[in-house]
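Visitor: My structure is below; once you've seen it, I'll send some questions.
Here, each number is a calculation from the coordinates, and none is a lab measurement. Just so we're clear, the structure is a prediction, and the values are computed from it rather than from any experiment. Counting neighbours? That spans all protein chains shown, and the Cβs are built from the backbone with ideal geometry, glycine included.
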Amino acid sequence: MSFCFNFDVPALTTNLDDAGGNGLQKGKKDNAAKPMEENTNLAEPVKEAKEHLLPSDPQLLLMDAVTETVTIGTLPPLHFLNETVFEKTACEREDGEKILSRTAEQRSDLISGVYEGGLKVWECTYDLLELIEKDGETFGGKAVLDLGCGAGLLGILALRRGARQVHFQDYNSTVIEQLTVPNVILNCQEEDEGESEDDEEGKGKGKIQAEDGIPPPKKRAVRDQSKHLLQAKCRFFSGDWSTFIALVTNELPQPKYDIIFTSETIYNTAYYPSLHETLHKLLAPGGLVYLATKSHYFGVGGGLHLFETFVEQRGIFSLDHLWDGEEGLQRHVVVLRFKMAK
Ligand SMILES: C[S@@+](CC[C@H](N)C(=O)[O-])C[C@H]1O[C@@H](n2cnc3c(N)ncnc32)[C@H](O)[C@@H]1O
């Protein structure tokens, strides 16, 4: 599988491994090669699930944004906030959870129960994007959940490929507010601006305002339309899976998803019961869960074999391998479906 990055700023790949191996993983490829270190914080209460509404002017989230683009085969280019710049400017962001400062301080990818790793794009996301490209999945009219979404690239692809509804969930509210929502807006903005070709002013990410700071009326109209479209199609949630299930299953009608994406979310065996329950409660009959994962998460303990055993014991889903990578630390894409639906 191959993909190409188009960086709007030079990619900085820094290896900050210290002697104890408690390194903050930076750069795309590093994620595969190095163990994922967990910093356990058992005293922390789990984060209660909540829904995040779009801000009144979502475009403000993109002011001065530095972005990068991933292009995979025939898929629409996907844009997202540059990780390195995001980290460097973390202190300027609102972070009620204090995860930006804590991850930097502790130089850790993961602080169990505090920060679950959503601030960067993990490698298996790209594997799943490539698989979708090969399989030609279109998402037309489907309801999609990007579970443990982080940057949200899988959900964004579904949105751009005609999904009727896309919901994004991440453990951390900071991730949803500072990364997922801006990324979704960034990609919707590109689509809308592409459609209004006679309106040339202010094109380009990060250059969204006219000189006086107020966009011209036509652009404002396009943006309002884009916001309404986003509101109609997308919802954003943060919090622990156990409370997320409770939140959404209380709704009427209860959301059910035709497709659930979940990438790099089975690293911690302690979360398997709530993850499995979420999939069980929220997958529509006949729906598919696409799970992308490494074989094993060193330093944390989870991995595909343990998750497969867990799924088998529960007896609810069948699990089939769609892609098994051979190189280095092995990676996989599997699909789960209700046993009776097979
Ligand atoms: C390693 S990150 C992967 C992010 C993204 N899917 C990717 O591939 O780039 C794991 C994600 O799983 C989610 N997650 C892990 N444990 C969770 C839990 N107990 N409750 C809710 N979300 C959880 C977090 O939202 C986190 O962003």
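Visitor: Provide the gained length on full extension for the span Asp64 to Glu105, in nm with one decimal, where the gain is 0.36 nm per separating residue minus the Cα-Cα distance.
Guide: 12.2 nm is the gain from fully extending Asp64 to Glu105.
Visitor: Need the full-extension length gain, Asp224 to Phe298, defined as separation in residues times 0.36 nm minus the C-alpha distance. One decimal, nm.
Guide: 22.0 nm
Visitor: Take Thr269 and Thr74, extend 7 Å from each Cα along the Cα→Cβ direction, and tell me the distance between the two endpoints in nm.
Guide: Rounded to a tenth, the inter-label distance reads 4.3 nm.
Visitor: Just grab the label-to-label distance for Lys50 and Thr309, each label 7 Å out from Cα along the Cβ direction, in nm (one decimal).
Guide: Once both label points are built, they end up 3.9 nm from each other.
Visitor: Right, next: So for each of 244-255, 324-335, 149-160 I average, over its residues, the number of other beta carbons within 10 Å; can you give me the resulting order with the highest mean first?
Guide: 149-160, 324-335, 244-255
Visitor: Here's a follow-up. Got a sec? How would Asp135, Asp95, Asp109 order by Cβ neighbour count within 10 Å, fewest to most?
Guide: Numbers: Asp135 11, Asp95 17, Asp109 28.
The most exposed by this proxy come first: Asp135, Asp95, Asp109.
Visitor: In nanometres, what is the gap between the two model label sites at Gln231 and Gln254, each 7 Å from Cα along Cα-to-Cβ?
Guide: In this crude label model, Gln231 to Gln254 measures out at 2.9 nm.
Visitor: Suppose the chain between Arg161 and Glu327 were pulled fully straight at 0.36 nm per residue; how much longer would it get relative to their current alpha carbon spacing?
Guide: Stretched fully, the Arg161-Glu327 segment lengthens by 56.7 nm.
Visitor: So for Met63, Met340, fewest C-beta neighbours within 10 Å to most, what's the order?
Guide: Starting with the residue having the fewest Cβ neighbours, the order is Met340, Met63.
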